[in-house]
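Enquirer: Take a look at the following structure, please.
The values are calculated or read from the model by the stated rules, or taken from the named source; none is laboratory data. Note that the coordinates shown come from a computational prediction; the quantities given were computed from them, not determined experimentally. Heads up, the Cβs are rebuilt from the backbone with ideal geometry, glycines too, and the neighbour counts pull from every protein chain shown.
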Amino acid sequence: MIISGNHAIFFPSHSVRMIMEWLINSIIWLAPESFLWASPMETRGFIINPPLVHSCLSLTMSRIQDMFEVGAHYGYSRTRRHPTTKQFIFGSKNRTDIIDLEKTDAQLTRVQELLSSIVASGRQVIFVGSKPELRDLVKTTAESLGMPYVDERWIGGTLTNWKQIKSRVVMLEDLGGKSEEGTLMYKTKKEKLLLERKIEKLERRFGGLSNLKGIPAAVIVVDAREEINAVTEAHMMGIPVIGLVNTDNDVSLVDFPVVANDNSRKSVDFFMKQFAESMKTA
């Protein structure tokens, strides 16, 4: 029990679920950063002074609070829900699924432990995210870790025919190096333009794979539904798939799912940073 003035807030042992339920059923349903609190409310026998909820969350479950603040709990409409995500849904509000962040937190911890062990053993993971509005987050995270990434359309054979893909990467490095040195051989301006376009195309498709040493230990995808080709190839190669997936995804296709909002920049950025943190401290 925490007392403030004439008000008190009581948290049972299952406080996470109680607070989420109160938030879902509260009289105000806005973006987390826009909560406007009124007078204390009574909910299911608990006297709640809303301004205290933020401080209590900070003390008892700061990461779940952080996820809530970036909107990680927002799923899609119930009509878009994939049956495999039902167990990860806390409830619905205005026909929109609300993800159970307590389960998301547990999934995130499991993934962080896996990533930490992979990095500690000297192996690599490949980040995959081609949504135009999110690809820069995937690229920035991977580059900060020195890990390979794919932020454009997945090229078939990236994993199943790595030797052929590697030859393209080598070609890119060769042409790129000569371009920087000014030693590219061409006879006309047209030839120069064609070579520059070729380098640009190779860079766009294979630039993120330049530091991939071989078959990665895991593949991290943002929205497995969007990156189904990468997921399929990973399964063919026996590579575990870590996926940030929303309620419209088939979770059974992902070995290590983190069910959360995969369409919001704030949410995706949060989870990318969580992944990176576990890999940097390994």
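Enquirer: Answer with yes or no whether Pro148 is free of Cβ contacts under 8 Å to residues at least 12 places away in the same chain and not polar (S, T, N, Q).
Expert: Criteria not met by Pro148.
Enquirer: Hey, another quick one. Within the stretch 113-122, count every residue that is surrounded by fewer than 17 Cβ atoms within 10 Å (Cβ to Cβ) and out of contact with any Ser or Thr (no Cβ under 9 Å at 6 or more places or on another chain).
Expert: Total meeting the criteria: 4.
Enquirer: Would you call Val258 among the β-branched types (Val, Ile, Thr), part of a strand (DSSP E or B) and under 9 Å from the mean Cα position of the chain (by Cα)?
Expert: yes
Enquirer: Here is a further query. For residues that are hydroxyl-bearing (Ser, Thr, Tyr) and surrounded by 19 or more Cβ atoms within 10 Å (Cβ to Cβ), scanning just the stretch 77-112, find the one that is nearest to Met272 (Cα to Cα).
Expert: Thr104
Enquirer: Further, regarding this structure: May I ask you to list the residues in the stretch 142-164 that are charged (D, E, K, R) and part of a loop (DSSP other than H, G, I, E, B)?
Expert: Asp151, Glu152, Arg153
Enquirer: Can you name the residue in the stretch 223-239 that is in contact with a strand residue (DSSP E or B) (Cβ under 7 Å, 6 or more places away or on another chain) and in contact (Cβ under 8 Å) with a residue 24 or more places away in the chain and, of all such residues, is surrounded by the fewest Cβ atoms within 10 Å (Cβ to Cβ)?
Expert: Among those that are in contact with a strand residue (DSSP E or B) (Cβ under 7 Å, 6 or more places away or on another chain) and in contact (Cβ under 8 Å) with a residue 24 or more places away in the chain, it is Ile239.
Enquirer: To continue, here is another question. Considering every residue within the stretch 116-128, establish whether at least one is aliphatic (A, V, I, L, M), over 21 Å from Met236 (Cα atoms) and modelled with pLDDT of 95 or more.
Expert: yes
Enquirer: In the stretch 209-222, is there at least one residue being part of a helix (DSSP H, G or I) and free of Cβ contacts under 8 Å to residues at least 40 places away in the same chain?
Expert: Checked against the condition, which is being part of a helix (DSSP H, G or I) and free of Cβ contacts under 8 Å to residues at least 40 places away in the same chain, the stretch 209-222 yields no hits at all.
Enquirer: Applying the selection to the stretch 127-141, what residues are among the aliphatic types (A, V, I, L, M) and part of a helix (DSSP H, G or I)?
Expert: Answer for the stretch 127-141, where residues must be among the aliphatic types (A, V, I, L, M) and part of a helix (DSSP H, G or I): Leu137, Val138.
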